[in-house]
Amino acid sequence: MLSSTRELLETAQRNIYAIGAFNVYNLEGVKAVIGAAEAEQSPAMLQLHPSALVYGGVPLVALCLEAARSSIMPISVHLDHSTSADDIRMALDAGITSIMADGSHLPYEQNMTFTRKMTEWAHEKGAIVEAEIGRISGTEDGLSIAEKEAKMTDPDQAVEFIKATNVDSLAVTIGNVHGEYKSEPRLDFVRLEKIRHLVKVPLVLHGASGLPEFMISRSIELGVCKFNVNTEVRQAYLQTLKEGLCSSSLKDLLDSMGATIESMQSVIVEKLQLFGSSGKAHLHQSPYAEMLAKRT
Ligand code: 13P
């Protein structure tokens, strides 16, 4: 069922687990996420990277929404990291259930103005907004400790920002990076605890590919209820494609598409288990929960 992102996050936050939000680019990605959610009886989020939105436009949003509607699992559809008001407008008009208004590249005041406006638009459409304070970037090798810390979320600024913009969830920067961690990941849990203490909205952690199990569970204990995953799923896809293309047994395009779905799905299943959302679909508002309630 197409769920609201608000419902997914708030139920996860209340029950201390996290929702996996997986970046998808095409039908194979969508099938992998929904297949994994169904196999694990788990909620999940289909998440569109802005470049995927530029590539697929409204038809890609419609594909995600329709796939969510057709599933018995609680699934929502989210626009990730959008810096463009036009893209946000397009996705909201197409019926997306949440967006990330990413003004983190802007000076603080401008970030606030941009995010406030996008939040007004989203709320008019019944969607919710994730924002980022601090700046999550790619692999941070070569930066000094002070430079890394300067990019992290300032807990007091987070409070002020949420109040001024009315956003619904907050992506924190506590040492997490997008892409591969080139050295041992190090998350600033003291900072996360301070943020959790001051901020009541659901917290989001980007860059979940490559984080070890204990960091995932500690993050959940400290209030993270959404993890973004892209790199590991994309790597599984590309690896399977490469192997398929080199294999003489590959005869049919559908076989290759099926193999990519399978490989992405097994990564996603692992993540759903790690995030603690496996077996939690019944806690969410969905036809599945209603069906189970009727049975008992
Ligand atoms: P990874 O690519 O590191 O999994 O991060 C994904 C992400 O945070 C998307 O917003």
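The values are calculated or read from the model by the stated rules, or taken from the named source; none is laboratory data. Note that the coordinates shown come from a computational prediction; the quantities given were computed from them, not determined experimentally. We place every Cβ from the backbone using ideal geometry, glycine too, and count neighbours over all the protein chains shown. Please note that ligands, DNA and RNA were not included when accessible areas were found on the heavy atoms of the full protein model with its side chains. Shrake-Rupley method; radii C 1.70, N 1.55, O 1.52, S 1.80 Å.
Scanning segment 176-209 for residues being open to solvent by 90 Å² or more (accessible area, probe 1.4 Å), out of contact with any Pro (no Cβ under 6 Å at 6 or more places or on another chain) and not in a loop (DSSP other than H, G, I, E, B) gives a total of 3.
Residues checked against (1) under 14 Å from the mean Cα position of the chain (by Cα); (2) within 16 Å of the ligand (Cβ to nearest atom); (3) not in a helix (DSSP H, G or I):
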site	(1), (2), (3)
LEU92	no, no, no
ILE99	yes, yes, yes
LEU106	no, no, yes
THR115	no, no, no
GLU120	no, no, no
GLY126	no, no, yes
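Scanning segment 210-227 for residues that are among the hydroxyl-bearing types (Ser, Thr, Tyr) and open to solvent by 10 Å² or more (accessible area, probe 1.4 Å) yields one hit, SER217.
Mind telling me which of the residues THR165, THR173, THR153 ends up being under 20 Å from LEU106 (Cβ atoms), among the β-branched types (Val, Ile, Thr), at pLDDT 95 or above and open to solvent by less than 70 Å² (accessible area, probe 1.4 Å)?
Working: THR173 fails: at pLDDT 95 or above; THR153 fails: at pLDDT 95 or above.
Residue meeting the stated conditions: THR165.
Across segment 21-36, a minimum of one residue is classified as closer than 22 Å to SER256 by Cα, part of a helix (DSSP H, G or I) and of a type in the set (Asp, Glu).
One residue alone among LEU272, LEU241 is at pLDDT below 95, touching a Ser or Thr at 6+ places or on another chain (Cβ under 7 Å), open to solvent by less than 70 Å² (accessible area, probe 1.4 Å) and not small (Gly, Ala, Ser), and that residue is LEU241.
Condition first: touching a helix residue (DSSP H, G or I) at 6+ places or on another chain (Cβ under 7 Å), open to solvent by 60 Å² or more (accessible area, probe 1.4 Å) and in a helix (DSSP H, G or I). Can you find one or more residues in segment 68-86 that meet it? The answer is no; no qualifying residue exists.
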